[in-house]
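Trainee: Okay, handing you the structure first.
What follows is calculated from the coordinates using simple rules that are stated; it is not laboratory data. Small disclaimer: the values here were computed from a predicted structure and weren't measured. When we count neighbours, we look across all protein chains shown, and the Cβ atoms used for this are built from the backbone with ideal geometry, even at glycine.
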Amino acid sequence: MQTMANRYVRFFNATRNRTGTIWEGRFKSCLVDSENYLFTLYRYIEMNPVKANMVKNIADYRWSSYRHNALGETNTLITEHPLYQDLGDSTELRAANYQKIFNTLNTAAQEQQITDATMRGEVYGTDGFHQEVSRLISRATKLTAHGGDRKSENYRNQAG
């Protein structure tokens with residue numbers, strides 16, 4: 001992503017005779033346990049233009065995968081995830097089932113967890129997923145607190 005973004009910025013600036021950055025901050029991402037959180041993540045991403053008041057209806061944002069996933073519009077840029085394909089044997093059935101899932105998910109708490117994991121560069125998933133990834137990469141997949149709460153009795157007892 002970084003290479004692609006850098007090349008695009010150079011192209012954009014050269015064609016418009018300008019300098020500087022185009023985007024506010026650096027690219028952020030997190031590894032996600034798709035078996036358990038794929039559709040929560042789809043909703044999180046696809047709702048961003050609505051949350052940012054760019055559109056009133058999610059289907060109005062033409063750069064989203066929602067029109068493909070929920071409305072069945074063909075988009076050659078999209079490679080369907082196997083879990084999405086499992087929603088039905090036809091495009092129409094997958095789209096209808098996606099709409100049901102999308103409309104019934106209550107993801108407010110999970111959306112905050114996704115944001116936190118993305119901002120910290122953590123893994124987002126179940127405890128088992130964390131353990132498996134941690135074992136594979138030989139490092140922690142969640143940030144832990146450093147030090148102690150200096151106001152707590154437990155900390156005072158440890159500190160002496």
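Trainee: Report, in debye and to the nearest 20, how large the dipole of the range 18-117 comes out about its Cα centre when Lys and Arg carry +1 and Asp and Glu carry -1 on their Cβ.
Mentor: Values: 10 positive and 12 negative charges, 101 e Å.
Dipole size: approximately 480 debye.
Trainee: Further question on the same structure: Given that just one value was derived from the coordinates, which of (i) 1.04; (ii) 0.97; (iii) 1.08 is Rg/Rh (Cα atoms, Kirkwood Rh)?
Mentor: (iii)
Trainee: Can you figure out the FRET efficiency of Ser138 with Val55, using R₀ = 41 Å and their beta-carbon distance, to the nearest 0.05?
Mentor: According to the calculation, E is roughly 0.40.
Trainee: Around Val32, which amide H atoms from residues at least 5 apart in sequence, or from another chain, sit under 5 Å from its own amide H, with H modelled in the peptide plane?
Mentor: Under 5 Å from the amide H of Val32 lie the amide H atoms of Tyr124, each far enough along the sequence or on another chain.
Trainee: Fewest to most neighbouring Cβ within 10 Å: what's the order for Ile114, Ile78, Ile58?
Mentor: Going from least to most buried by this count: Ile78, Ile58, Ile114.
Trainee: Just to confirm the filter: which chymotrypsin sites (Phe, Trp or Tyr not before Pro) across the range 1-99 are DSSP coil and have at most 12 other Cβ within 10 angstrom of their Cβ?
Mentor: Values: sites: Tyr8, Phe11, Phe12, Trp23, Phe27, Tyr37, Phe39, Tyr42, Tyr44, Tyr61, Trp63, Tyr66, Tyr84, Tyr98; in loops: Trp23, Phe27, Tyr61, Trp63.
Answer in residue order: Trp23, Phe27, Trp63.
Trainee: Right, next: So which GluC sites (Glu not before Pro) in the range 80-142 end up in coil per DSSP with only 16 or fewer other C-beta atoms within 10 Å?
Mentor: Taking the range 80-142 and a limit of 16 other Cβ atoms within 10 Å, the loop GluC sites (Glu not before Pro) found are Glu80.
Trainee: Step through the residues of the range 55-63 one at a time and calculate ³J(HN,Hα) from phi using the Karplus curve (6.51 cos²θ - 1.76 cosθ + 1.60, θ = phi - 60°), rounding each to whole Hz and writing x for Gly and Pro.
Mentor: Going residue by residue, I get 9, 8, 10, 4, 5, 7, 8, 6, 8 Hz, with x marking Gly and Pro.
Trainee: Just to confirm the filter: which trypsin sites (Lys or Arg not before Pro) across the range 62-97 are DSSP coil and have at most 14 other Cβ within 10 angstrom of their Cβ?
Mentor: Working: sites: Arg62, Arg67, Arg94; in loops: Arg62.
Listed in order of number, the matching sites are Arg62.
Trainee: While we're on this one: Can you put Ser134, Ser90, Ser65 in order of Cβ neighbours within 10 angstrom, beginning with the fewest?
Mentor: Least crowded to most crowded, the residues run Ser90, Ser134, Ser65.
Trainee: Counting other beta carbons within 10 Å of each Cβ, put Asp33, Asp127, Asp60 in order, fewest first. Intermediate values should be presented prior to the final figure.
Mentor: On the way: Asp33 17, Asp127 8, Asp60 13.
So the residues, fewest neighbours to most, are Asp127, Asp60, Asp33.
Trainee: Next up: For the cross-link pairs Lys28/Lys142; Lys56/Lys142; Lys100/Lys142; Lys28/Lys51, which exceed 25 Å when the distance is taken from alpha carbon to alpha carbon? Display every interim value, and only then the final one.
Mentor: Details: Lys28/Lys142 16 Å; Lys56/Lys142 35 Å; Lys100/Lys142 32 Å; Lys28/Lys51 18 Å.
In this structure, Lys56/Lys142; Lys100/Lys142 exceed 25 Å between Cα atoms.
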